[in-house]
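What follows is a set of notes on a single structure, which appears directly below.
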Amino acid sequence: MALLYLVGHGVSKYKLYPIYFYTYWSSFAVEGVLALFVIYGIFLLAMDPLPGLKKLGVLIFRWVGAISIAVALGVAFTPHASGIKFMTATITQLQQTTSILTLCLLLFVCFAIRPMGLSYRSRIFGVSLGLGMMATASLCTAAMISHSGNMYTTLSIVCVIAECSALLTWSAYFTFPEPQRKMILLPTTSPFLRWNQIAMVLGDEPGYVALGEVSPDVFAPAELEIMRRASAKMQPALEPPAAMHSLSA
């Protein structure tokens, strides 16, 4: 709006366009990075009752995020790509990857909303729904720009409506009180329970077993005293009956 105001007061639009260009694409890049953090936070909140799956999901999410950034850089890199074209292609690809991850998160929340103790009135679902609207609009905008440089189309109006709908959705979800999260009751045959138990032990340090001779120096004095007392109590039970009879005689 400030640039439009300056153009209306006689400032050349050719001088203001570089400011608009770099401001727009820098904001677009920051939006893509912040969207990844928001998706990450929503996933942690949704998986909070199942710490095992939460730990496994965090690991997978980090790998997916790193691969997404690498793919964005790889797709944008071409032999004839200049600095500006490389920047715009990288940011656009990053935004598209973030949009796809957002839609995947929304799909996951929709399928796991009941097992996770959530409801459709939960703010986790509301924020995911709004992000899904904006992600869909972003993908449509990217497809439109790749086929046509004209922004004044019906699809552009639809994308703006989707973004406004996302803002209204968030406003509604944060205006009304959120229902309390239900206690999760999973049957013993539930795959969520089994996957959570398996994921709980992944990444933990394994146990260690001493093989062969063990030097007494590796034990603390208290441990040696406990083993001595235990050995003294077990010694009478391990002696043969004949030896016990001769001792009594």
Worksheet item: Got a number for the accessible area of residue 229? Probe 1.4 Å, square angstrom, nearest 10.
Response: 140 Å²
Worksheet entry | Computed label-point distance, nm, for sites residue 114 and residue 164 using a 7 Å Cα→Cβ extension | 3.6 nm
Discussion item. What FRET efficiency comes out for residue 59 versus residue 181 if R0 is 22 angstrom and r is the Cβ-Cβ distance? Round to the nearest 0.05.
Written reply: 0.35
Worksheet item: Reachable lysines from residue 15, Cα under 21 Å, same-chain residues fewer than 8 places away excluded?
Response: 85
Worksheet item: Going by accessible area, probe 1.4 Å, with all protein chains left in place, what is the ranking of 198, 42, largest first?
Response: 198, 42
Practice prompt. Could you name the lysines whose alpha carbon sits less than 30 Å from that of residue 54, not counting residues in the same chain fewer than 8 places away?
Written response: 182
Worksheet item: Of the accessible area of the range 1-124, with the probe set at 1.4 angstrom, what percent is carbon plus sulfur?
Response: 75 percent
Worksheet item: Gain in length, residue 198 to residue 3, computed as 0.36 nm per residue apart minus the alpha-carbon separation, to one decimal in nm?
Response: 64.5 nm
Discussion item. With every protein chain left in place and a probe of 1.4 Å, what is the accessible surface of residue 54, to the nearest 10 Å²?
Written reply: 60 Å²
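The values are calculated or read from the model by the stated rules, or taken from the named source; none is laboratory data. Just so you know, these numbers come straight off a predicted model, no measurement behind them. FYI the Cβ positions are ideal-geometry reconstructions off the backbone, even for glycines, and counts take in every protein chain you see. When the accessible area is computed, the model is the full protein with side chains, heavy atoms only, and any ligands, DNA or RNA have been set aside. Shrake-Rupley method; radii C 1.70, N 1.55, O 1.52, S 1.80 Å.
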